[in-house]
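Here's the structure we're looking at; comments come further down.
The values are calculated or read from the model by the stated rules, or taken from the named source; none is laboratory data. Remember, predicted model here, so these are calculated numbers, not experimental data. Using ideal geometry, Cβ is built from the backbone for each residue, glycine included, and neighbour counts are taken over all protein chains shown.
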């Protein structure tokens, strides 16, 4: 059983202009005092096509963590636009929050992110070169995808034999099941965005 | 019989593999397949039992769901005390769950369901050892062990007191092990596997006792589970899938000789699950008819792959009821309510059914006492059963717990109302931290949180603690309980005893000071609810104060916890005008500062068990109420159903008792002694320093203070046996500390040190005497096995044995390995036996003195130590002719020496070499007797 349970992640400052920093308020609970820090990362998936456009926006150590319920705000700068393929700038992508303990990832939280122009004119005829100044980022906060992994909390990062401890593929996040009544508030989701997921 | 299929008990239509009703009957758990994981759900029982509760929207149906298992959950089982839930699944794991007391409702983050969990069950341990799917788990009687079986062909016995410790792994099955059941008496555990066998294992040495294969030879491995069951009287074991004449049966195996002559026949497909009703029944006496003496009988439910369920009474040849087509798929698990009248059945088709029987149908359930009588008649008074008699007191507990449970929902609804104010997407955190709402904290969290850079330049955030866990409480309570229980050292080695202890500490934890109003407090001039209000109001005041002083320190403290924080200490006197001046600072008041012993921390409340026969419980509640500004602590004692309570003006640090007295040491260094019925026997004794350890035995009270001085009083005669004796002589020159202490029935104090040495203080000689040294070479090498008679082989019981513990048996083992020359070993054994004899003498332990004297005599007779033998006999006989100058004592430790001699003489007669000596003393003894 994981010693750390994520109880909630609140997405702050959402929706916001593309250039604003990401802010996640993370609440977690720890079963017993942790001798080492937790490492949290925010990864921005630049392109659905390939992992090579993944950007680690920031990584931060969190500690000391005594037994109890804790919260903190994880703020990270917006992605470097130069590293995003132009064709993928607008549309749906993913932002991931991961947490590792002793080098082992035990939770991965994924959010769908929709980047779109607020201006109706731009939306109709998007410029060839994305205008990041006009883009709005909307994180689908109500539908996080959480994947938990069993890790060895006692030992160091030596891998356990169990197959469930094998690190997941970075894009292991499953597509959101959109029940009819609970359609995400960001309009249509392009079919091709599913490919990466 | 009433039958109900509650449609709302569903895991989204996925198969439900297991169901188990909580011992208190208020909830039940199901386990099965989840979305892409295993799923455990805890349900409220009330909507199943009562239609109005089912319709009432305010009565929650689902209490908690846990998605933590990575794959399908095959089994869920509540511990007998109801505190834990164990679950095992295809992910090879066993998880043990415990209810978290402090958290309100919340959702599982990231789960698709938006239903809030009404109760929070937290996984406290994860047990990893199996290399295949876990099929069944079972708690032993009294929750000493947890057993799990798996498709890896093994059964693992876990130490339920010390997870994740493994007691043993039972290997022997050659197929998937699919069912487990414990013998209710605690002597066996039985397992059934796909290898066409049912195996019974002994719990004493964890070896295979019997292997039953015949009824299973025709079976194919076609059932998902093979849940077998043991009858509550322990007489019958009923297997799952067995075959008789090519027909599926449930085989009945008699405990007596493991005979397999009977079976339950009639199901058309393999039997998957058998479950005995926990009650034993006797025939309902009808009005008018003459009361016939009838045999008590058991009731058993059998579920099968043929989707039907049969219920049998062992007094009837045919089933009581058979229900066909109850489900669309195989029955997977059955569970009875503790009262024996309700039953839940679950199926692979994802539904459950509830059956409600009446006493007219099943009969009159025997009460616990009658059940125990049956057990005692069959098995004698085994430990497990005496434990069960003690457990019957838990039935008295239940209404209290029930009351507590009823109070809780109230608290929860209020918190739910507050929670509604928060946005929907966040879990409903309702904590108010130091007067500041969570909302306010969250607004400024980014600015407030402490962020630093590590040496390598990385960002490091210190998270804000918004709630503390209550996980640490139990061990601390336990340790104190054990410390004051040291009188029971011998007994505490027996596992089930600990089980009881821990239950009681748990219970005391479960009743926080606020909820248990001291209604019995006779002298309270105030209305008790009034004083309760004060207790409740005061802490927030203190909290707000602290908040202004330290905005950064944001911690929610559980009400009623001992406040360790210095700032809190400062704030507290504001609320309570009376300042406690006697806060224990070990060593400060003691004259000899060099020696310090650990003084127990003051706890809000604790419960300890004293003595075994009769069992006595001491419950202490510090600051139980506030009367005219003064805080009153309460001591409650219950024994044999008789209770008394008393109040003390200072907080109680430690309490203990014997069959005759109860002693209590307070924070203000006073020691109070009460009679068995609660009468104060002495005015408070002022101790020279805070108490470290307190013991009682008969009318003797022993106090070990933090400044390492020892006192022993005889309360009956009101004299001091040991007066402020310093431990200097035994502690000096080494860095050893006091690890345990005890007081014998004769009032001899014993102090054990961390270096393995134990000393007792002889009040006659005024000396510390070494009675045990674990490093002593003599202990290691002494070999007197051939001097032990069959009745001695079990060893002696008494203070000496209690102090020496297992070293002795270990020494016997060691002696087998040692290759010391015979004459050396002879000398060592002689020295060791003499040491034992003198130790028993100084401990004033009559039985042990006699025990060792006989062994010693046998040894010197065997080895031919004539001088010693002669001296021994001479002392035992004494002068034959009376003379005034003789200082001979005719008795030793209450034994008449000449009687002892008469007992020793036959031993001497066994060696022909001592024929003369034998005749000599025999004649003299005869002369003395004739006089």
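From the residues in region B:62-84 that are within 19 Å of residue B:150 (Cα to Cα) and away from every other protein chain (no Cβ under 11 Å), which one is surrounded by the fewest Cβ atoms within 10 Å (Cβ to Cβ)?
Applying the filter and picking the extreme gives B:72.
Any residue in region B:85-108 that's over 14 Å from residue B:123 (Cβ atoms) and more than 9 Å from chain A (Cβ to nearest Cβ): show its pairings with residues that are surrounded by fewer than 23 Cβ atoms within 10 Å (Cβ to Cβ) and at pLDDT 90 or above at Cβ separation under 8 Å, as long as the two are six or more apart or on different chains.
Qualifying pairs under 8 Å: B:90/B:72; B:90/B:133.
Are any of the residues in region A:76-88 within 12 Å of another protein chain (Cβ to nearest Cβ), over 22 Å from residue A:126 (Cα atoms) and assigned to a strand (DSSP E or B)?
Yes, there is a match, as at least one residue in region A:76-88 is within 12 Å of another protein chain (Cβ to nearest Cβ), over 22 Å from residue A:126 (Cα atoms) and assigned to a strand (DSSP E or B).
Counting only residues that are under 21 Å from residue B:463 (Cα atoms) and more than 11 Å from chain B (Cβ to nearest Cβ), how many does region A:12-42 have?
Total meeting the criteria: 5.
Working only within region A:53-75, note down all residues that are touching a residue at least 40 places away in the same chain (Cβ under 8 Å) and either closer than 16 Å to residue A:21 by Cα or within 7 Å of another protein chain (Cβ to nearest Cβ) (or both). Spell out the reasoning first.
In the first step, residues of region A:53-75 are kept if they are touching a residue at least 40 places away in the same chain (Cβ under 8 Å); the result is A:54, A:65, A:69-75.
A:65, A:69, A:70, A:71, A:72, A:73, A:74, A:75, listed by residue number.
Looking only at region B:120-132, decide whether some residue is surrounded by 20 or more Cβ atoms within 10 Å (Cβ to Cβ), closer than 25 Å to residue B:229 by Cα and either within 13 Å of chain A (Cβ to nearest Cβ) or modelled with pLDDT of 90 or more (or both).
yes
Which of (1) modelled with pLDDT of 90 or more; (2) buried (at least 16 other Cβ atoms within 10 Å of the Cβ); (3) closer than 29 Å to residue B:453 by Cβ does residue A:63 not meet, given it meets every other one?
(1)
Which of the residues spanning region A:1-26 are crowded, with 19+ Cβ neighbours inside 10 Å, more than 14 Å from the chain's Cα centre (by Cα) and at pLDDT 90 or above?
A:15, A:18
Of the conditions (1) more than 14 Å from chain B (Cβ to nearest Cβ); (2) surrounded by fewer than 19 Cβ atoms within 10 Å (Cβ to Cβ), residue A:113 satisfies every one except a single condition; which number is it?
(2)
Could you identify the single residue in B:716, B:791, B:780 that is at pLDDT 85 or above, out of contact with any strand residue (DSSP E or B) (no Cβ under 8 Å at 6 or more places or on another chain) and not in a strand (DSSP E or B)?
B:716
For region B:270-318, which residues satisfy the criterion of being part of a loop (DSSP other than H, G, I, E, B) and modelled with pLDDT of 90 or more?
Within region B:270-318, B:270, B:305, B:306, B:307, B:308 meet the criteria.
Of all residues in region B:898-912, which are assigned to a helix (DSSP H, G or I) and either surrounded by 12 or more Cβ atoms within 10 Å (Cβ to Cβ) or under 46 Å from the mean Cα position of the chain (by Cα) (or both)?
B:898, B:899, B:900, B:901, B:902, B:903, B:904, B:905, B:906, B:907, B:908, B:909, listed by residue number.
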